[in-house]
Amino acid sequence: MLYHKADCPKAAIASASASASASTSPPSTTLFVSGLNKRTTSEKLQEAFSKFGEVVHARVVTDRASGYSKGFGFVNYATLEDAEKGMKGMDAQFLDGWVIFAEYARPRTPPGQSAYPETNQHIG
């Protein structure tokens with residue numbers, strides 16, 4: 001569920017953050033950031049996360065047709081330590097009036113395979 005800052009109960013933030021943290025990926029210098037406002041830019045994302053360490057690159061994924069954010073992005077830090085500080089510092093925080101969530105990015109799955117290994121079983 002998405003909340004705007006004005007009507008976001010603190011319990012909802014804590015609950016959503018706890019459930020997002022429950023399925024953490026192994027540490028990485030790249031963070032996956034979800035819950036972004038449609039008007040959040042890559043520059044704004046980099047500015048917000050650079051308070052916690054050296055950001056090498058930040059990118060908001062955008063829709064090709066409209067140019068607006070798809071609501072998620074990636075932040076690359078120089079070190080694992082900076083990435084951890086960024087994740088802890090920005091997870092369940094407000095950015096552009098919306099609560100965002102930060103977690104370690106998962107590696108891309110090869111084409112044709114599921115991101116969930118238990119579904120990659122062959123029936124034979």
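For Leu45, the requirement of being within 12 Å of the chain's Cα centre (by Cα), closer than 23 Å to Arg108 by Cα and part of a loop (DSSP other than H, G, I, E, B) is not met. If you go through segment 54-84 and pick out every residue that is touching a Gly at 6+ places or on another chain (Cβ under 6 Å) and either crowded, with 18+ Cβ neighbours inside 10 Å or farther than 14 Å from Phe32 by Cα (or both), you end up with 3. With respect to Thr29, determine if the residue is in contact with a strand residue (DSSP E or B) (Cβ under 9 Å, 6 or more places away or on another chain), in contact (Cβ under 8 Å) with a residue 24 or more places away in the chain and either of a type outside the set (A, V, I, L, M, F, W, C) or surrounded by 19 or more Cβ atoms within 10 Å (Cβ to Cβ) (or both). Against the criterion (in contact with a strand residue (DSSP E or B) (Cβ under 9 Å, 6 or more places away or on another chain), in contact (Cβ under 8 Å) with a residue 24 or more places away in the chain and either of a type outside the set (A, V, I, L, M, F, W, C) or surrounded by 19 or more Cβ atoms within 10 Å (Cβ to Cβ) (or both)), Thr29 qualifies. Do we have any residue at all in segment 58-81 that's aliphatic (A, V, I, L, M) and at pLDDT below 95? Yes, some residue in segment 58-81 is aliphatic (A, V, I, L, M) and at pLDDT below 95. Per the conditions (1) without any contact (Cβ under 8 Å) to a residue 40 or more places away in the chain; (2) not in a strand (DSSP E or B), the sole criterion not satisfied by Gly86 is (1). I'd like to know if segment 96-109 contains one or more residues that are assigned to a loop (DSSP other than H, G, I, E, B), under 22 Å from Ser25 (Cα atoms), touching an Asp or Glu at 6+ places or on another chain (Cβ under 6 Å) and at pLDDT 95 or above. Scanning segment 96-109 turns up no residue that is assigned to a loop (DSSP other than H, G, I, E, B), under 22 Å from Ser25 (Cα atoms), touching an Asp or Glu at 6+ places or on another chain (Cβ under 6 Å) and at pLDDT 95 or above.
Could you look through segment 24-42, keep only residues that are assigned to a loop (DSSP other than H, G, I, E, B) and over 15 Å from Lys88 (Cα atoms), and pick out the one that is modelled with the lowest pLDDT?
Within segment 24-42, the match that is modelled with the lowest pLDDT is Arg39.
The values are calculated or read from the model by the stated rules, or taken from the named source; none is laboratory data. None of these values were measured; they are calculated from a predicted model. So basically every Cβ, Gly included, is an ideal-geometry build from the backbone, and we count neighbours across all protein chains shown.
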